[in-house]
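Here the structure is laid out as structure tokens; the discussion comes afterwards.
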Amino acid sequence: MRIDRLLTLSFFYPATKLLCRKSDLQIPILMYHSISGQLDDHLHPYFRTVTSPECFEQQMRFLSERGYQALTLSEAVHVLQNQEIPTPANTSAASGQQHAKVVITFDDGLRDFYSAAFPILEKFGFKATVFLTSGMIDNTFLTGNECLRETEIRELAAKGIEFGSHTVSHPQLHDLSCDEIVHELANSKKQIEDVLGHTMTLFSYPYRFPEGDINFTKMLRNLLLEQGYLMGVTTIIGRTKSSDNPLFLKRLPVNDCDDMPLFQAKLEGGYDWLHGFQLASKKIRALIFRLKADAYNVQSNY
């Protein structure tokens, strides 16, 4: 049984529809990775990163039929910063819900975006933002999957796909020194700009985002700004709103296990509740780590 789906559909999503303020502008940023028939179904549904082309097309059709407008990440941040008023939630697609907004993002820069995802996006007239692991362009990803080629990136960019950085080598940034982080940020930005032929200012944080570590996130924010990044996304769960830090925006993970009721609930705020549990879990893990480190230091003194 998938507990997050059960709690979302039986309690949190209905509560959200009753309690949310209709005037609040919140944009769902969907997080995809691979669009492929080779599913990672050996993993727990929450941790899977592969969506089949059939499921992806079903999800994109749902967005199209509900009148969603797919924005790039930079367009969405512009909308949020200018506080554009959303269409009321109870407005039908025929009478104006085409103004509902969504951002479709892809991490890692896998080649199946070109072969499987983009034809479906193009079918529905949707834009997307792809975050490239720059050191793996024209090569393979850590999983062995092929990554996008330079020629494909330029072709996609010419057709309206937006690109950002996902570092050079997809490391755990939290484990790196300041100089090593700068290397990942600066070189990835330069490599991608060399491919695109224009400035790139978008960043996606690899792996779980350590939002509970205030010192690290403050340092990362400063480093991103110093390297010329203006907007970014994380693995923090939820829809994003104008008060969020534009460098650390929330997203909604999507994979092949998301049926239409759960997919709709995620779009409309019914999955945002999980962020609180996510943050509490991170803080508990950090506390346990500190306690173990303290115990080790005490033992080392004897």
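Listing Val130, Val102, Val182 from fewest to most neighbouring C-beta atoms within 10 Å gives Val182, Val102, Val130.
Tell me what the chain gives for mean residue ellipticity at 222 nm when only DSSP H runs of n ≥ 4 count, each as -39,500 (n - 2.57), the sum divided by the residue total, rounded to 500 deg cm²/dmol.
Details: 10 runs with 117 residues, N = 302.
My calculation for the chain gives -12000 deg cm²/dmol from helical runs alone.
Which value, in debye to the nearest 20, describes the size of the charge dipole of the stretch 3-300 about its Cα centre when Lys and Arg Cβ atoms bear +1, Asp and Glu Cβ atoms bear -1, and nothing else is charged? Spell out each step's value before the answer.
On the way: 29 positive and 35 negative charges, 212 e Å.
About 1020 debye.
Which percent, nearest 5, of DSSP beta bridges in the chain are antiparallel? If we restrict to bridges inside the chain, about 15 percent are antiparallel. When only Cα pairs under 8 Å and 6 or more residues apart are kept, what is the percent relative contact order across the stretch 3-300? For the stretch 3-300, the relative contact order is 22 percent. Counting every Cα pair in the stretch 3-300, what percent are over 36 Å apart? In whole percent, the share of Cα-Cα pairs in the stretch 3-300 beyond 36 Å is 15. For Ile236, the residues whose amide H sits under 5 Å from its own are Phe209, Arg251, ignoring neighbours fewer than 5 places away on the same chain, with H placed 1.01 Å from N. The simple Förster model, with R0 at 30 Å and r as the Cβ-Cβ distance, assigns Ser64 and Ser115 a FRET efficiency of 0.90.
Loop-located trypsin sites (Lys or Arg not before Pro) in the stretch 176-231 (DSSP state other than H, G, I, E, B) with a sparse environment of at most 15 neighbouring Cβ atoms within 10 Å: Arg208. Here's the picture: a label point sits 7 Å out from the Cα of His275 along the beta-carbon direction, and within the stretch 222-251 the residues with their amide nitrogen under 12 Å of it are 234-246, 248-251.
We did not get these values from a lab; they are worked out from the coordinates using the rules stated. Predicted model only: the values in this text are computed from it and were never measured. Quick reminder, even Gly has a Cβ in these numbers, built from the backbone with ideal geometry, and neighbours come from all protein chains shown.
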